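A.B. asks: First the structure, then my questions, so here it is.
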Amino acid sequence: MKMFYLIPLLFLSACSTAPKLTLRPQQPPPATDNSAVRYPEVLHAYHIGRYADPNDDLIMHEQHVVYRVEENTRWNFHPGPVDGNLPAAPSRDAAFAPTPVNDAILAEVNSQRLATTEIMMQARTLSTALAQFQTALSQTKTNLQETARLRASVNEMKQRLDSLETAPAQLPATPISTTNEAPDSLSP
């Protein structure tokens with residue numbers, strides 16, 4: 001009977017053993033090329049010879065090298081190779097992409113079309129009214145010119161009439177003859 005007690009202990013010992021962990025060395029990630037993400041800064045070295053300090057004539061600088069940053073670092077916006085980290089975004093022109101379709105967008109597109117047709121009809125009405133206004137304006141100009149001419153001629157006639165009305169008072173009275181004979185200048 002003692003043997004039967006050992007069998008469950010055997011099973012318990014089999015369950016209690018810890019699994020052996022196996023460690024596999026992983027490959028190090030490839031060295032990331034930062035130029036694919038960001039351009040490095042550009043430095044230039046300038047060799048300068050002896051020179052007198054422009055601020056103080058008593059100071060002379062020996063030849064030395066001056067380093068100047070020509071371009072600062074900046075982002076690289078060129079699309080790089082597609083790797084597993086980023087999703088591959090299709091590079092397509094938005095003008096050729098199909099429009100997304102849902103009820104709200106369709107309603108807005110239809111209302112924009114309706115507004116566009118109404119604006120075009122109003123533009124046509126406005127252009128016809130503008131053409132009528134242009135013709136009325138040209139007629140008004142010609143009428144104004146004609147009115148100015150008529151006023152000038154009326155003023156001229158008034159002046160002539162006034163001069164004729166004042167003229168009989170200045171002229172000597174001619175004898176009124178009762179006959180139809182012409183007056184003879186040689187007659188006594």
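A.B. asks: Tell me whether region 160-170 contains one or more residues that are without any contact (Cβ under 8 Å) to a residue 12 or more places away in the chain and either aromatic (Phe, Trp, Tyr) or at positive phi (or both). Before you say what the answer is, go through the steps one by one.
C.D. replies: Filtering region 160-170 down to residues without any contact (Cβ under 8 Å) to a residue 12 or more places away in the chain leaves 160-170.
Still in the running and either aromatic (Phe, Trp, Tyr) or at positive phi (or both): none.
Checked against the condition, which is being without any contact (Cβ under 8 Å) to a residue 12 or more places away in the chain and either aromatic (Phe, Trp, Tyr) or at positive phi (or both), region 160-170 yields no hits at all.
A.B. asks: Okay, next question. Return yes or no: is GLU156 in a helix (DSSP H, G or I), open to solvent by 100 Å² or more (accessible area, probe 1.4 Å), at pLDDT below 90 and more than 29 Å from VAL37 (Cα to Cα)? Let's see the steps before the verdict.
C.D. replies: On the way: in a helix (DSSP H, G or I): yes; open to solvent by 100 Å² or more (accessible area, probe 1.4 Å): yes; at pLDDT below 90: no; more than 29 Å from VAL37 (Cα to Cα): yes.
It is false that GLU156 is in a helix (DSSP H, G or I), open to solvent by 100 Å² or more (accessible area, probe 1.4 Å), at pLDDT below 90 and more than 29 Å from VAL37 (Cα to Cα).
A.B. asks: Just checking, which of GLN139, GLN112, GLN134 is under 25 Å from the mean Cα position of the chain (by Cα) and either at pLDDT 95 or above or part of a helix (DSSP H, G or I) (or both)?
C.D. replies: Result: GLN112 is the single residue among GLN139, GLN112, GLN134 that is under 25 Å from the mean Cα position of the chain (by Cα) and either at pLDDT 95 or above or part of a helix (DSSP H, G or I) (or both).
The values are calculated or read from the model by the stated rules, or taken from the named source; none is laboratory data. Computed from a predicted structure; not experimentally measured. Neighbour counts run over all protein chains shown; Cβ positions are idealised from the backbone, glycine included. Heads up: the accessible areas ignore ligands, DNA and RNA and are worked out on the full protein's heavy atoms, side chains in. Shrake-Rupley method; radii C 1.70, N 1.55, O 1.52, S 1.80 Å.
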